[in-house]
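Any read-out appearing in this document is the output of simple, stated calculations on the displayed coordinates, not a laboratory observation. In this text, all values refer to a predicted model and were calculated from it rather than measured experimentally. Every residue, glycine among them, receives a Cβ derived from its backbone with ideal geometry; neighbour counts consider all protein chains shown.
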Amino acid sequence: MRRLLGAVVVLLFLVLAAGCISSQPPAGYVTIRSVDVSIPDGQPPSNVTRVVAVPYLDAVYADVNGVDLQVVAKEAGTDIVVEETVRSIGTLVSGKTAKEEVTLTLENGRGYDVWVTVWQDGRMREKGSVNVFLPDRTVATQRLAYSLLTVSAIDVMTPDLDADPITLEIITAILNSGSSSGNLAMEIRAVNLQTGITAVRESRPLGTVPEGSDGEKRVSITVPNGYDYEIRIRLVENGAAFATSTGRITLAPPPQVILADGAVFSPAKSTSPVALSTPAPTPGKPSSAQVGQFRVQSSGAPTPTYSPGFTVALAAAGLFGAGFLRRRR
């Protein structure tokens, strides 16, 4: 009996060792080595800038097929998509780093999060982001914001709250404490907070404000009713911004209240203006582009699994154990 027990123990050890040695090599997957963001030189003065994102991709363990690359530019700290590019890479060879270049055209004077995501056979493997700030390049030489122009109030009115689409009238009171102003313009952007879609993105001329007087400037925009919007305005004089403001407007239908007698009471809609915060002078921003460091946010690398040899070894160990108990009986 002792000889049989010793033989069984030795045989089990050999089978387990063989199962562990005959391991299957792990499956290959794609990963992001790094991402470079560059701004080509020689771009003329404009309200947009071409930005080049260069991801470096590696195939780990083995060649990888069905690789797709997605590059998305979002407004910094938000989920608002400004520009998106999807590119099919195909096959990546293990041991060789693949380099891709994606060009984005982004508006100046704003910050962005550039997200890079790699997909393998339709499954997300890894993604990360790098933050970018683009300075104002509207004019060739940098100018200081005009200190003699101030905004005393900004209101939003509508002639008909039930209309769909609804017309919003943005009323701006601008005070000029100096000589006659230059040509003024209002850059407007209205973002649907339910969908993240930009509903309005326009630049409207406002004319001039005479010396030592205040002027009321009105601009109308039209958006679908029944949604919440974030409205951002930027006031510009001869290409130089001197004030910005952001506010939110709720256009969703008012709630209905059921009274004790079963009657339905709908609160009357207010026709008072929805006020945006009075803008302060535009703060100073970096005069050159700022690019952060790429950081991996999430990874979908495959998890290790037991090899077939190890599974066979466990099954064999179970059979030998059962045979030994039967023999002992």
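Charges at C-beta only: +1 for Lys and Arg, -1 for Asp and Glu. How large is the resulting dipole of the range 52-133 about its Cα centre, in Debye rounded to 20? Here the range 52-133 has a charge dipole of around 160 debye. Across the range 90-100, coupling constants 3J(HN,Hα) worked out from phi with the 6.51/-1.76/1.60 Karplus curve, θ = phi - 60°, read x, 9, 10, 8, 5, x, 10, 8, 8, 10, 10 Hz, and Gly and Pro carry x. Maximal additional length on extending the Asn47-Thr208 stretch stands at 55.8 nm, based on 0.36 nm per residue less the C-alpha distance. In the range 201-223, which residues have a backbone nitrogen under 12 Å from the label point lying 7 Å from Ser180's Cα in the Cα-to-Cβ direction? Under cut-off, by backbone N: 208-212.
Across the range 116-129, coupling constants 3J(HN,Hα) worked out from phi with the 6.51/-1.76/1.60 Karplus curve, θ = phi - 60°, read 10, 10, 10, 10, 10, 6, x, 10, 5, 9, 7, 8, x, 9 Hz, and Gly and Pro carry x. Annotation: amide H-H contacts under 5 Å for Asp214 (H modelled 1.01 Å from N, sequence separation of 5 or more, or interchain): Asn176.
The ranking of Ile197, Ile174 by Cβ neighbour count inside 10 Å, starting from the fewest, reads Ile197, Ile174.
Multiplying the residue separation of Ala173 and Asn108 by 0.36 nm and subtracting their alpha-carbon distance yields 20.8 nm. Each label was represented as a point 7 Å from its Cα along the Cα-to-Cβ direction; for Leu193 and Asp121 these points are 4.3 nm apart.
Site pair Thr78 and Arg248 shows an inter-label distance of 1.2 nm when each label is modelled 7 Å from Cα along Cα→Cβ. Each residue of the range 74-87 was assigned a 3J(HN,Hα) from its phi angle through the Karplus curve 6.51 cos²θ - 1.76 cosθ + 1.60 (θ = phi - 60°); the sequence is 10, 4, 3, x, 10, 9, 7, 7, 9, 8, 9, 9, 10, 10 Hz, with glycine and proline shown as x. Lys127: which aspartates and glutamates have alpha carbons under 18 Å from its alpha carbon, excluding same-chain residues fewer than 8 sequence positions away? Leaving aside aspartates and glutamates fewer than 8 places away in the same chain, those within reach of Lys127 are Asp36, Asp58, Asp68, Glu75, Asp79, Glu83, Glu84, Glu100, Glu101, Asp113.
Annotation for Asp164 and Ser34: the two label points, set 7 Å from Cα along the Cα-Cβ direction, are 5.3 nm apart.
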